[in-house]
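Asker: Following this message is one structure expressed as structure tokens.
Quick note: the coordinates plus some simple rules give every number you see, no bench work behind them. These figures come from a predicted structure and were not determined experimentally. Cβ atoms come from the backbone with ideal geometry, glycine included; neighbour counts cover every protein chain shown.
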Amino acid sequence: MTTKIHFSDARAEGFDFKYSFVAKFEQILDMIDFGEFIKEKDYVAVKTHFGSYGAHRIVRPIFLKKVVDKVKEVRGKPFVTDTVRIPGLEYLDVANMEGINHLSVGAPVILADGIFGRDHIKVESGPILKEIGVASAIYHAPAMIVVSHCKGHIGSGFGGAIKNLGMGGVSCKNHCGEAERGRIHFEENKHLEWLDAKCIRCNQCVDVCPHDAIQMVDDSIIIDKSKCVKCARCSRVCEVKALVVPISEEGFQEGLAEAAHAVVSTFEKGRILYINFITEVQPECDCMPMADTPLVQDQGVLVSFDPVAVDQAAIDMINNAAPLAQSKAADKNVKKGDNILKAVTGKDAQLHIDAACKLGMGNKEYKLITINEKDTKEGEGE
Ligand code: SF4
Ligand code: SF4
């Protein structure tokens with residue numbers, strides 16, 4: 001079986017609105033029957049990533065607004081949402097700073113797991129996690145549109161729809177304030193390991209922790225387990241690998257797919273639409289405190305009801321594109337046709353795509369339906 005994906009590239013090959021990326025995205029949305037998966041008065045989660053104080057390569061509000069407008073056309077009630085990464089109120093501040101607010105997107109902007117990142121309902125997941133806390137506002141929503149910015153990721157090698165579901169659809173903490181999402185990053189009941197002999201006392205880990213959970217005290221690293229949400233950022237920035245996250249790559253990637261599957265299981269079949277923007281594909285996740293230059297040229301947008309297909313297509317496009325100069329791909333001397341994402345992240349993204357496929361979340365075989373311009377017969381003069 002082959003999944004059909006609507007695709008538009010990011011180019012604008014003519015001086016007319018109908019050739020713009022925005023117009024081509026509108027055209028794709030017009031070709032999707034929103035009334036098929038959204039009922040009147042349904043609360044519809046538009047799940048995206050709000051970014052961070054240092055990252056700016058997110059899905060822009062102009063595209064989120066287009067999605068929101070389509071939900072409203074079929075009389076659904078959209079809300080734009082993400083889950084707590086840094087403390088909740090600061091994260092809403094980030095969203096606003098990135099231009100995502102009620103005025104810009106035309107819908108309320110809320111945290112799906114609440115301002116304390118604890119609101120969730122436990123859902124059965126699989127052999128690794130057993131169960132995971134799905135963010136309440138996502139759990140209760142009857143329909144969802146997952147709008148993902150495709151990029152690299154420290155643990156999964158690639159962040160697209162499955163990562164947006166698995167990490168982004170679950171709550172930051174459990175009801176007692178302990179790590180919930182972090183249970184994907186860390187093996188069960190384990191914590192960060194600090195290697196004294198390797199540590200060069202640079203303090204980078206202390207500076208990057210958004211939850212004040214790690215301190216340098218008397219020349220030693222102390223981790224406050226009651227505050228640590230197991231996000232692994234400190235380990236990522238430690239250049240000498242003195243902070244070890246206790247999990248195997250396979251364990252993390254399969255856990256991620258399990259969590260994504262759990263989130264999807266809270267919806268009736270066919271009630272989630274996936275939109276992958278392959279634009280400004282930077283090597284790191286959008287929650288890191290910086291955003292590097294893109295690895296490849298903007299490829300475009302993919303839209304489908306199949307999260308596996310849109311992620312597989314995105315990975316294929318990125319890995320088949322020419323690496324850009326002045327990027328991490330160029331630093332690594334990556335050539336066209338190499339696995340760019342693996343070369344820059346050190347992780348094999350295919351592992352979580354395959355795991356999601358095995359869980360029955362979707363299909364790796366896909367066919368692109370390419371849109372080259374907007375049909376402006378009714379919209380002339382825009
Ligand atoms: S994993 Fe590191 S950065 Fe993340 S909360 Fe824990 S100490 Fe802070
Ligand atoms: S980032 Fe690494 S080397 Fe620097 S203080 Fe932290 S553990 Fe030590």
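Asker: Taking 0.36 nm per residue of separation and subtracting the Cα-Cα distance, what length does fully extending Thr370 through Met31 add?
Answerer: Full extension of this stretch gives 120.9 nm more.
Asker: Please state the charge dipole magnitude for the chain, taken about the Cα centre, from unit charges on C-beta atoms (+1 on K and R, -1 on D and E), reported in debye and rounded to the nearest 20.
Answerer: About 180 debye.
Asker: If the reach is capped at under 13 angstrom between alpha carbons, list the aspartates and glutamates near Lys173, excluding any in the same chain fewer than eight residues apart.
Answerer: Asp113, Asp119
Asker: Give the calculated FRET efficiency between Lys122 and Phe15 to the nearest 0.05, with a Förster radius of 56 Å applied to their Cβ-Cβ distance.
Answerer: About 0.55, to the nearest 0.05.
Asker: Please name which of Ile145, Gln297, Ala12 has its Cα lying farthest along the dipole of the chain towards the positive end, using unit charges on Cβ (Lys, Arg +1; Asp, Glu -1) and the Cα centre as origin.
Answerer: Going by the charge dipole, the pick is Ile145.
Asker: Also, quick follow-up: So who's got an amide H within less than 5 Å of the one on Lys151, skipping anything under 5 residues away but keeping other chains? H placed 1.01 Å off N, in plane.
Answerer: The answer is Gly159.
Asker: For Leu324 and Lys41 in one chain, what is 0.36 nm times their gap in residues minus the Cα-Cα distance, to one decimal in nm?
Answerer: Length gained between Leu324 and Lys41: 97.4 nm.
Asker: Name the shape class, rounded, prolate or oblate, that the alpha-carbon gyration tensor gives for segment 106-212, where a ≥ b ≥ c are the square roots of its eigenvalues, rounded holds for a/c under 1.5, and otherwise prolate holds if a/b is larger than b/c and oblate otherwise.
Answerer: Prolate is the answer for segment 106-212, as a/c is 1.5 or above and a/b outweighs b/c.
Asker: Could I ask something else about it? Quick check: residue separation of Ser226 and Arg75 times 0.36 nm, minus the Cα distance between them. What number comes out in nm?
Answerer: Working: separation 151, 0.36 × 151 = 54.36 nm, distance 4.36 nm.
Value of the extension gain: 50.0 nm.
Asker: Can you pull the semi-axes for segment 191-244, root of five times each eigenvalue of the Cα gyration tensor, sorted largest first, whole Å? List each step's numbers first, then the result.
Answerer: Values: eigenvalues 47, 28, 20 Å².
Values for segment 191-244, descending: 15, 12, 10 Å.
Asker: Still on this structure, please answer the following. For the chain, what is the relative contact order in percent, using Cα pairs closer than 8 Å and at least 6 residues apart in sequence?
Answerer: After rounding, I find 23 percent.
Asker: So how do Lys65, Lys374 line up by other beta-carbon neighbours within 10 Å, fewest first?
Answerer: On the way: Lys65 18, Lys374 22.
Ranking Lys65, Lys374 by Cβ neighbours within 10 Å, fewest first, gives Lys65, Lys374.
Asker: Once amide H atoms are placed 1.01 Å from N in the peptide plane, what residues at a sequence separation of 5 or more from Glu187, or on another chain, have their amide H within under 5 Å of its amide H?
Answerer: HN-HN under 5 Å from Glu187: Ile247.
Asker: Another question about this same structure. Each residue of segment 19-30 in order: what ³J(HN,Hα) in whole Hz does its phi give by Karplus 6.51 cos²θ - 1.76 cosθ + 1.60, θ = phi - 60°, with x for Gly and Pro?
Answerer: After applying 6.51 cos²θ - 1.76 cosθ + 1.60, I find 8, 6, 4, 4, 5, 5, 5, 4, 4, 4, 4, 5 Hz.
Asker: So how compact is the chain: Cα radius of gyration and Dmax in angstrom?
Answerer: 20.1, 71
Asker: Using only Cα positions of segment 262-365, each an equal point scatterer, no hydration layer, compute I(q)/I(0) via Debye at q = 0.11, 0.16, 0.22 Å⁻¹ and quote the log10 values to two decimals.
Answerer: -0.37, -0.75, -1.20
Asker: Show me, for segment 323-331, the HN-Hα J-couplings you get by feeding each phi into the Karplus relation (A = 6.51, B = -1.76, C = 1.60, θ = phi - 60°), rounded to Hz, glycine and proline as x.
Answerer: x, 7, 5, 6, 10, 5, 5, 5, 4
Asker: Shifting gears a bit: What is the calculated FRET efficiency for Ile62 to Thr2, with r their C-beta to C-beta distance and R₀ = 30 Å, to the nearest 0.05?
Answerer: 0.45
Asker: Which peptide among 2-12, 217-227 comes first, and what is the full order, when sorted by highest mean count of other Cβ atoms within 10 Å?
Answerer: Listed from highest to lowest mean packing, they are 2-12, 217-227.
Asker: Still on this structure, I have one more. Once the mean 1/r over all distinct Cα pairs of segment 1-78 is inverted, what Kirkwood radius in angstroms do you read off? Working shown, then result.
Answerer: Working: mean 1/r = 0.0694 Å⁻¹.
By the Kirkwood definition, the hydrodynamic radius is 14.4 Å.
Asker: For segment 235-242, what does the Karplus curve 6.51 cos²θ - 1.76 cosθ + 1.60, with θ = phi - 60°, yield as ³J(HN,Hα) per residue in whole Hz, taken in order and with x for Gly and Pro?
Answerer: 3J(HN,Hα) across segment 235-242, in whole Hz: 5, 4, 7, 6, 6, 9, 6, 8.
Asker: Grab the other residues whose beta carbon is less than 10 angstrom from that of Glu254, score K and R as +1, D and E as -1, and report the net.
Answerer: Here the charged neighbours net out to -3.
Asker: Along Cα→Cβ, 7 Å out, is where each label goes; now give me the distance between the ones at Glu268 and His140 in nm to one decimal.
Answerer: Using points 7 Å along Cα→Cβ, the separation is 1.9 nm.
Asker: Within 10 Å, count the other beta carbons around each residue, average over each peptide in 40-52, 301-313, 230-242, and list them highest first.
Answerer: Going from most to least packed, we get 301-313, 40-52, 230-242.
Asker: Considering amide H positions built from the backbone, and no H for Pro or chain starts, which residues 5 or more places from Val44, or on another chain, come under 5 Å of its amide H?
Answerer: Lys77, Phe79
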